2 protein chains.
Amino acid sequence: MSKASTKPPSGTRDFLPADIARRRYVVSVIETVYQGSGFVPLETPSFENLSTLLGKYGDEGDQLVYRLLHRRDALKRALEKDDVSESDLADLGLRYDLTVPLARVVAQYRDLPRFFKRYQIQPVWRADRPGRGRFREFYQCDVDVIGVTTLIAEAEVLGAVAEVLTRLGFEDFTLRLNHRALLRGLIETAGVAPADEQTALVALDKLDKVGPDGVRAELRTRGISDDAAALLLELLVEKASAAKSDDELTEVLGAALRSDAGRAALDQLSELRALLDHTPAKGRYRLSPELARGLGYYTGPIFEISVADLAGSLGGGGRYDDLIGMFGKQQIPAVGCSLGLERILLVMEERGMYPPLRVGPELMLCSLDVEPAALLETANALRQQGLSVEVFPTRSKLGKQLAYADSVGAPFAAILGADEAAAGDVTLKQLASGEQARVALHEAAGWIAARAPDAAP
Amino acid sequence: MSKASTKPPSGTRDFLPADIARRRYVVSVIETVYQGSGFVPLETPSFENLSTLLGKYGDEGDQLVYRLLHRRDALKRALEKDDVSESDLADLGLRYDLTVPLARVVAQYRDLPRFFKRYQIQPVWRADRPGRGRFREFYQCDVDVIGVTTLIAEAEVLGAVAEVLTRLGFEDFTLRLNHRALLRGLIETAGVAPADEQTALVALDKLDKVGPDGVRAELRTRGISDDAAALLLELLVEKASAAKSDDELTEVLGAALRSDAGRAALDQLSELRALLDHTPAKGRYRLSPELARGLGYYTGPIFEISVADLAGSLGGGGRYDDLIGMFGKQQIPAVGCSLGLERILLVMEERGMYPPLRVGPELMLCSLDVEPAALLETANALRQQGLSVEVFPTRSKLGKQLAYADSVGAPFAAILGADEAAAGDVTLKQLASGEQARVALHEAAGWIAARAPDAAP
C-alpha cells in the first residue's frame, strides 16, 4: 500500500504543544477582556443548513462556503437526476463566520436576555486561496451586542477589542471607522448610479489589495464611468489623506456630500468618536471613508483594525440591523466586531511579543532500579500535590533521563532510587541551576514552588 | 421570502451561556488532570484528507465520515463523468475521532518527544443516527501515550481518566478491561473460523445494545454456527458473570483457552491490574472479556468506562501499535483513552453533580440621568479593577434596570446618578441581600470581593 501524505490539508495546520501555548495565551487575554466587558459565551455547531448560510455574505462569500456531501440514499437520489448540480448534492455547510449563526440563534431562542452581549471564539472555514495569515480553517473571536440601537453598543464593542489589543502589547493599532450610509452617500455624490452601488462597494473593498489604480480599473470593467470613478476615489482616498484630523475630514466630506443620509451618517460617526474617547479605544481610531468591508449584511457604522506590518486587518465588524430579521419575525438591531486570531498570532510572533510560556510538564520523574508500581505510586503522590508530572517510562541511565527531561522543557526532575522509595523520599533537581536536594515526598511541591521559573501555560 | 428553520441541524446543538459554563467546568477539570499527568496539548484540523481517515475505523465507521463536496472546476469535472460515484465528489472529510489525526501527526513531525504524551479536546463528527447522549457533532477528550511498549502507558492513561471522573464527583464508574488477543483467543477457542473473527468482533460489539440473544442472532445471520456462538457467549458472558473476582475469572478463562496468544494476553491483563492498584484507577476496574470495542485499529489491551445509568459508555480506548505505521515508515507503539464530553455532561446533569456556576456578568451598571460618556467612563474604571461589568444601555426606571440585572444572573448592581458621577462615587447593591452602599469608584472591587457569592465561570 502506498503511504498517503501526512501533511494537514492545504490551508489548515496542526497545532503542536508550543503553538497551543501561544494560542491559549492570546485566547485567555481575549476571553478575560470580553468577559470583563460583560459579554457571555455562545457556541454554535460547525455546520449549518445551507439555507442559513447562503445569501448573507454576498456572492463571493457564498462561493467560499464548504458543503457537506449528501450520504447514502440522499446521494443516490441526487445522482440519479439528469443534470446534477451543486445544490442537489448538499444541504449542509461549514460555518463561514460567527455572525450569521448568532443571528439564527437570536431568532430561535426567545428567552435570551433583551440586550444579549455574547462573545464567541470558534473556528470558521472558507474555501479561499491560502496566503500569509490566511487559512481555510481559522479562529474568529467575536463580540456582539444584540438589541441596542444606540451607539453605546458600538462604543462597547470597540472598547473591548481595543482593550484586548492593548493588553496583548499592541501599541500601534488603528480602528478605522466608516459608515455604510456615508459610503453610499459618497458613491451617490460621485455620480455612480444607485443600481451600481453594490458593484462599487465590492470594487472598493479591494482597495487595500490592489490600490487606487486597481479599483479604478475594476470600476471601469464593471461599467462605471471614468468620471464617476475619479470623483469617487478623490472623495474617498485623496481627501482623506489630505485631511489633518478626523474633524477636518468630517468638515470636508460634509461639504462635498450631496446626500442627507450620508450627512446623518457622518454625524453619527462624530458622536461615536466622542463616545470612544471614554473607552479603551481613545486615541486609537481614525475616520476612513474608503473602508468598505466585504460582507453584505452591514447597515450602519463599520470598522476594521489595522497595524502597519500587516496588509490585511486584525479584525473588523459593524452594525447589521437587518440580518436577524432575515431569520425571525422581528427586526432586532445588532453590532459586533471580530478579531482574527491567526492574524494576531502572526504579528505577535514576528514582533516577539509573547511572554515566556512553559510547554512541557513541570517535573520529569526519573528512576533507578525501581519497580513500575513504585514509580506510578510516587507519580500519583506528586500529582496529588498539584504538580504536573511526566514519568520517564523505561529503564535508562540517569543522564539520559535527565537529558530527556530537559529536551521536553521540564524545569525540574525528580529522581526515585530504591533508597528514596524505601524512605518515602524523592531527590529533586532544578535542571537550569543544577540545584539538587533529597526531600520527603510530601514536601516536593513546596520545594519546587519556591524555585518555579514561570507560570503554567 | 419564506423563513428557513432557525434550529441547529439535526444531531447538533447550540450552547447557550449556561450550557457553556457547565461544559467549561468539566473541560477545565479534564485539562487540569491531563496536564497534571504530564500530557501536553495538540490540536489538528477539522477536516483531513479522506485517504487519512478511511480504512482505519472499519466499514461501519467509514460510512459515517462526513465528506466535503468538491468545488468549482473540480466539481464540474467530477459531474462530467458518466457514472459519478461518492468518491469522485470529495477528497476531504471531517475528522471522525482524534486518534487517527494523532497517528498522522506522529508520522509527520520527526522532532516530537520520543515519548509523546498528548491530550486533545476537540469536536469530532459522525453522520450517525442521533440519540440519547449521541450527537453528530460531539467533543472527545483524549489522552494518548506514544512510543511506550510497556504497560506503564496503559496504567498512566487509565489512571488519568479515573482521576478525572473522581474529581468530577463520579463514585461508581467501572473501567472495563479486555485485550484484543484474549478476545481472539476466546473466539478461536469457541470454534469460530479465523476468517470469521472480524465478523464475530463486530457482532460482539453490539452486546450492550442487543443483549446475548441479539448477538446470537447476528452471529447466525453472519454464518457462524450455533454451537460456536453458544460456546463463545458462554465463555464471554456466562463465565464472566459467574466469577466472583477478576482473579477467579482469569483462572477460569485460562483453563478454557486453547490459544497461547490468548493466555499471554490474560497474563498481560493481570500485570496491568496489579499496576492499576498504584494509580487513581485502584478499585475502579473489572475484567470484561465480552468487551469488543468497535474500532478496527486496536491491537492490545482495550478498555471502556461504564456507569450504571447510561447504556453507552463514558469513554474508552486501548492499544493500537499498528496505526502509526500505516502513515509512516516506522511502527510506533501507542495507547490511549477517550472521554466523551457529552456523555459525562448528560450523566452529571441528570444526577445534579454541578457546583454553582455564574453565567452572567458580576456587576450590572445602571444609571439615572447620566450621559452615555460618563456611563462608559465609569464602566471602564470598574473593568480596570478586574470586575466583569455590563452596562444597562438605555434610559429606564431604576427598578426595571435592577430587575434586568437579576434576570441575567448578575449578583451585584452599580448605580450611577448625576450625584455619584460628579463625586467620583458609585452606589453598589448586592441583589440577593439588598445590601447597598455608596463608595468611591476605586473601592468598588474591594466592596464586591468581600461579598462575592461564588467564583467566576
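Quick notes on this one:
- On full extension, the segment bounded by A:Gln108 and A:Val210 gains 32.7 nm, given 0.36 nm per residue less the C-alpha separation.
- An oblate overall shape is assigned to the range B:64-160, the ratio a/c of its alpha-carbon gyration tensor axes (a ≥ b ≥ c) being 1.5 or greater and a/b not exceeding b/c.
- Hydrodynamic radius by Kirkwood, which averages 1/r over all alpha carbon pairs of chain B, in angstrom: 25.7
- Signed unit charges on C-beta, dipole axis of the protein assembly as shown, positive-most listed residue A:Ala193, A:Leu339, B:Leu341: A:Ala193
- 3J(HN,Hα) along the range A:320-331, derived from phi through the Karplus expression 6.51 cos²θ - 1.76 cosθ + 1.60 where θ = phi - 60°, amounts to 9, 6, 9, 5, 4, x, 5, 9, x, 6, 9, 7 Hz, with x in place of Gly and Pro.
- For A:Leu428, residues with placed amide H under 5 Å, excluding near neighbours: A:Ile415, A:Ala437, A:Arg438, A:Val439
- Residue exposure proxy: A:Leu375, A:Leu269, ordered by other Cβ atoms within 10 angstrom of their Cβ from fewest to most, comes out as A:Leu375, A:Leu269.
- For A:Gly315, the residues whose modelled amide H falls within less than 5 Å of its own, excluding neighbours fewer than 5 places apart on the same chain, are A:Ile305, A:Gly340.
- Between copies, the label points of A:His442, set 7 Å from Cα on the Cα→Cβ line, lie 4.5 nm apart, reported in increasing order to one decimal in nanometres.
- Distance from the A-onto-B rotation axis is smallest for the Cβ of the chain A residue given, in whole Å, as A:Leu69, 2.
- Kyte-Doolittle mean at least 1.0 and Cα axial length at least 30 Å: DSSP H helices in chain A: none
- Taking Lys and Arg as +1 and Asp and Glu as -1, the other residues whose beta-carbon sits under 13 Å from that of B:Ala190 total -4.
- For the range A:363-449, averaging the sequence separation of C-alpha pairs within contact (under 8 Å, six or more residues apart) and dividing by the residue count gives a relative contact order of 33 percent.
- The same position A:Arg132 in the other copies lies at 5.7 nm from this copy, comparing label points 7 Å beyond Cα toward the beta-carbon, shortest first.
- Pairs exceeding a 29 Å alpha-carbon distance, out of A:Lys56/B:Lys76; A:Lys81/A:Lys329; A:Lys429/B:Lys117: A:Lys81/A:Lys329.
- Calculated from backbone phi, Karplus (6.51, -1.76, 1.60) coupling profile of the range B:446-451 in Hz, x at Gly/Pro: x, 4, 6, 4, 5, 10
- Our coupling estimate for the range B:115-121, obtained by passing each phi through the Karplus curve with A = 6.51, B = -1.76, C = 1.60 and θ = phi - 60°, is 9, 8, 9, 10, 10, 8, 10 Hz, Gly and Pro reported as x.
- Radius of gyration and Dmax over the Cα atoms of the range A:363-449, both given in Å: 11.4, 30
- Equivalent ellipsoid semi-axes - Cα gyration tensor, the range B:5-75, angstrom: 30, 22, 13
- Label-point gap, in nm, between B:Asp128 and A:Lys397 - each point 7 angstrom along Cα→Cβ: 4.9
- Sorted shortest first, the distances from the B:Gly191 label point to those of the same residue in the other copies are 9.8 nm; each point sits 7 Å from Cα along Cα-to-Cβ.
- Relative contact order, percent, chain B [alpha-carbon distance under 8 Å, six or more residues apart]: 16
- Close amide H contacts of B:Ser367 (hydrogens built in the peptide plane, cut-off under 5 Å, sequence separation of 5 or more or a different chain): B:Leu416.
- Isotropic mean projected area of the C-alpha convex hull, the protein assembly as shown (nm²): 42.4
- Which of A:Thr44, B:Thr221 has the fewest Cβ neighbours within 10 Å, and the rest in rising order: B:Thr221, A:Thr44
- Those aspartates and glutamates that a straight Cα-Cα span of less than 17 Å connects to B:Lys244, excepting residues fewer than 8 apart in one chain: B:Glu234, B:Glu290
- Taking the fewest neighbouring Cβ atoms within 10 Å as the starting point, the ordered list for A:Val426, A:Val164 is A:Val426, A:Val164.
A short reminder: the numbers here are calculations on the coordinates, not readings from a lab. Just so it is clear, the structure is predicted and the values come from calculations on it, not from any experiment. Cβ coordinates were reconstructed from backbone atoms using ideal geometry, including for glycine residues, and neighbour counts include every protein chain displayed.
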